[in-house]
Amino acid sequence: MLSNFDFSVIVSSLPYLFGQGMVFTVSLTAMAAGMGIVLGTLIAMARLSGVPGLKHIAKVYVELMRSLPLVLVIFWFYFLVPYIGAYVTGASNPIQVGAFPSALITFTLFEAAYFSEIMRAGIQSIPKGQTAAASALGMNYWQAMQNVVLPQAFRNMLPLLLTQTIVLFQDTSLVYVLSLTDFLGAASKVAQRDGRLVEMYLFAAVVYFAICLTASFLVRRLQARVAIIR
Amino acid sequence: MTSTPMPAPTPSNPVAPAGQAPTDDGLQQGSLIQPGTRTGETMIAIDNVSKWYGDFQVLTNCTTSVSKGEVVVVCGPSGSGKSTLIKTVNALEPFQKGQITVAGTKVLDKSTNLPKLRSRVGMVFQHFELFPHLTITDNLTIAQRKVLKRSGEDAKKRGLDLLARVGLSAHAHKFPGQLSGGQQQRVAIARALAMNPVVMLFDEPTSALDPEMVGEVLDVMVELAKEGMTMMVVTHEMGFARKVADRVIFMDRGEIVEDAQKEDFFGKPRSERAQTFLSKILQH
């Protein structure tokens, strides 16, 4: 039954699939996750701050991002960022951003909304007594956050943050709408060129499955290792 | 002032007497804590303090003071506002009326640098509140480094010196979760002392402990009191009050009902409420 299939196409295209496609997917995921977590943490702090304006802006931002489909946001930013850039820099023409920076900015801003909800739960999970102890030792808000609250919140939430990153890893395949070539895009190109759609899409599915399963397994292992002794 | 006999230090608690080797690293000279000289200087002045949670008044016109080197025990039934009162001293609990002055600095004043004030006021909590993600050594040094900007070396030296004084040197590398409640509270006391506080506040330091661990914590506090530390202690441990307190404050329903010398308080409490409280607490 499989006699009509030719899996050798996979072997011959491996350097392209991984050397180009997977490198793109992994770097976009890693950069967007790193920046998204930092931004998400700041948004979570803003939401939990008592400062009225700041609190509400953060809330609106998170709700907005979470109510929009990712593809739509990708489109919007791809067309908007050049104009915003031109406005900020005062240039008369839309500035050239390039598809990759545009995708990176989009994913960072979009994922930050989800990361911020995780970090908000993490910060709220730290008992009030911990902040009181930090204050009593003379720490100001930023010192208490940096040394006492965030390290604990981050550790408590690490499994969720990584799980969200695995979702991000899958979502990066949406960059095809910007004609960027990620792993799935690379597999797709080879598939179209050689007329081997089934083989290539099967292979891509297997690779995504294997990577995400391994990552989930590692997250569980890590969870046990970083847990705070109580 | 007090004439109670010295208790023999327990072997597990080799709290060294004052007069450690002088340090040349810019830290406190001589004793590891501020040597207390009773000059009568007021360290904490609580003046007509009132506090409300919404419409509910938790503190009503509280006025008292603590002099340098004095040990004041605050007691009273639960919900009497004693924990709230002690937390207003370093402004962990805000208050709406009155004023508190700590070592000459007004707590309720916009120009006051609260973090700086708090760094000079040691506080020990009911639930210890050690930082569970840090080792004991890091717990002892983090505020010294980040707040007082001491070098890592100086902070570690002072932290470990104090850890030795509460008898827990062997646990320096461990995490708080690996220690018993009593041990954690002794570390918490050392952590507060590491900041060279001019006064120490204790908020029910033994209430969350198993009975067999109360003694080891009280021993450390007794030593501290004997070295002349200015202390304000919220506790139900009347044995501790009898042993080291100079004055006892009795609170009920947010008011300071009685503020008396220890001998007077235990000998002949004037108010009926204090008498009832004492008879209940001393029965068993």
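Here are the numbers for the structure shown:
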{"item": "Index of the failed condition, B:THR206 passing every other in (1) away from chain A (no Cβ under 12 Å); (2) touching a residue at least 12 places away in the same chain (Cβ under 8 Å); (3) over 30 Å from B:MET238 (Cα atoms)", "result": "(3)"}
{"item": "Residues satisfying the stated conditions in segment B:79-98, i.e. away from chain A (no Cβ under 14 Å) and of a type in the set (Ser, Thr, Tyr)", "result": "B:SER80"}
{"item": "Listing of helices (runs of 4 or more DSSP H) fully contained in segment A:23-105 that carry 1 or more residues being touching a helix residue (DSSP H, G or I) at 6+ places or on another chain (Cβ under 6 Å), farther than 27 Å from A:LEU158 by Cα and modelled with pLDDT under 95", "result": "A:70-89"}
{"item": "Every residue from segment B:175-191 that is surrounded by 22 or more Cβ atoms within 10 Å (Cβ to Cβ) and at the interface with another protein chain (Cβ under 10 Å from one of its Cβ atoms)", "result": "B:PRO176, B:ALA188, B:ARG191"}
{"item": "Residue within segment A:24-40 that is farther than 20 Å from A:LEU160 by Cβ, buried (at least 21 other Cβ atoms within 10 Å of the Cβ) and β-branched (Val, Ile, Thr) present", "result": "yes"}
{"item": "Residue count for segment B:99-130, restricted to those that are over 12 Å from A:ALA133 (Cα atoms), facing chain A (nearest Cβ under 9 Å), in a loop (DSSP other than H, G, I, E, B) and of a type in the set (A, V, I, L, M, F, W, C)", "result": "0"}
{"item": "Number of the exception - B:VAL217 against (1) part of a helix (DSSP H, G or I); (2) within 12 Å of chain A (Cβ to nearest Cβ); (3) within 14 Å of the chain's Cα centre (by Cα)", "result": "(2)"}
{"item": "Which numbered condition B:SER65 fails, given (1) more than 14 Å from chain A (Cβ to nearest Cβ); (2) surrounded by fewer than 18 Cβ atoms within 10 Å (Cβ to Cβ); (3) in a helix (DSSP H, G or I)", "result": "(3)"}
{"item": "Number of the exception - B:ALA91 against (1) surrounded by fewer than 22 Cβ atoms within 10 Å (Cβ to Cβ); (2) touching a Leu at 6+ places or on another chain (Cβ under 7 Å); (3) modelled with pLDDT of 95 or more", "result": "(3)"}
{"item": "Answer from B:MET232, B:MET195 - the residue that is surrounded by 21 or more Cβ atoms within 10 Å (Cβ to Cβ) and assigned to a loop (DSSP other than H, G, I, E, B)", "result": "B:MET195"}
{"item": "Selected residue (criterion: surrounded by the most Cβ atoms within 10 Å (Cβ to Cβ)) from residues of segment A:122-145 that are in a loop (DSSP other than H, G, I, E, B) and either in contact (Cβ under 8 Å) with a residue 60 or more places away in the chain or under 29 Å from the mean Cα position of the chain (by Cα) (or both)", "result": "A:ILE126"}
{"item": "Number of positions in segment B:101-121 that are loosely packed, with under 15 Cβ neighbours inside 10 Å and on the phi > 0 side of the Ramachandran plot", "result": "1"}
{"item": "The listed residue being closer than 29 Å to A:ILE74 by Cα, away from chain B (no Cβ under 12 Å) and buried (at least 18 other Cβ atoms within 10 Å of the Cβ), out of A:PHE209, A:PHE183", "result": "A:PHE183"}
{"item": "Scan of segment A:49-73 for residues that are within 22 Å of A:LEU161 (Cβ to Cβ) and either more than 19 Å from the chain's Cα centre (by Cα) or β-branched (Val, Ile, Thr) (or both), ordered by number", "result": "A:SER49, A:LYS59, A:VAL62, A:VAL73"}
{"item": "Boolean, B:LYS243 is away from chain A (no Cβ under 14 Å), in contact (Cβ under 8 Å) with a residue 40 or more places away in the chain and surrounded by fewer than 21 Cβ atoms within 10 Å (Cβ to Cβ)", "result": "yes"}
{"item": "Residues located in segment A:192-230, provided they are small (Gly, Ala, Ser), over 18 Å from A:VAL23 (Cα atoms) and at pLDDT 90 or above", "result": "A:SER216"}
{"item": "Filter pass, A:GLU117 being surrounded by 22 or more Cβ atoms within 10 Å (Cβ to Cβ), more than 8 Å from chain B (Cβ to nearest Cβ) and in a helix (DSSP H, G or I)", "result": "no"}
{"item": "Selection status of A:ALA44, in contact with a strand residue (DSSP E or B) (Cβ under 7 Å, 6 or more places away or on another chain) and either within 14 Å of chain B (Cβ to nearest Cβ) or under 30 Å from B:ALA188 (Cβ atoms) (or both)", "result": "no"}
{"item": "Any chance B:VAL71 is at pLDDT 95 or above and over 19 Å from A:LEU137 (Cβ atoms)", "result": "yes"}
{"item": "Candidate set from segment B:79-98 (those that are small (Gly, Ala, Ser) and part of a loop (DSSP other than H, G, I, E, B)); member that is nearest to the chain's Cα centre (by Cα)", "result": "B:ALA91"}
{"item": "Criterion violated by B:GLY98 - all others in (1) farther than 20 Å from B:VAL187 by Cβ; (2) surrounded by fewer than 22 Cβ atoms within 10 Å (Cβ to Cβ); (3) out of contact with any Ser or Thr (no Cβ under 7 Å at 6 or more places or on another chain); (4) touching a residue at least 24 places away in the same chain (Cβ under 8 Å) satisfied", "result": "(3)"}
{"item": "Breaking point among (1) over 30 Å from A:PRO151 (Cα atoms); (2) over 17 Å from the mean Cα position of the chain (by Cα); (3) not polar (S, T, N, Q), for A:ALA46", "result": "(1)"}
{"item": "Answer residue from segment B:131-174, given it is within 20 Å of B:PRO205 (Cα to Cα) and facing another protein chain (nearest Cβ under 10 Å) and is surrounded by the fewest Cβ atoms within 10 Å (Cβ to Cβ) among those", "result": "B:PRO132"}
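The values are calculated or read from the model by the stated rules, or taken from the named source; none is laboratory data. Not measured: the values here are computed from a predicted model. Note that each Cβ is placed from the backbone with ideal geometry, even for glycine, and that neighbours are counted across all protein chains shown.
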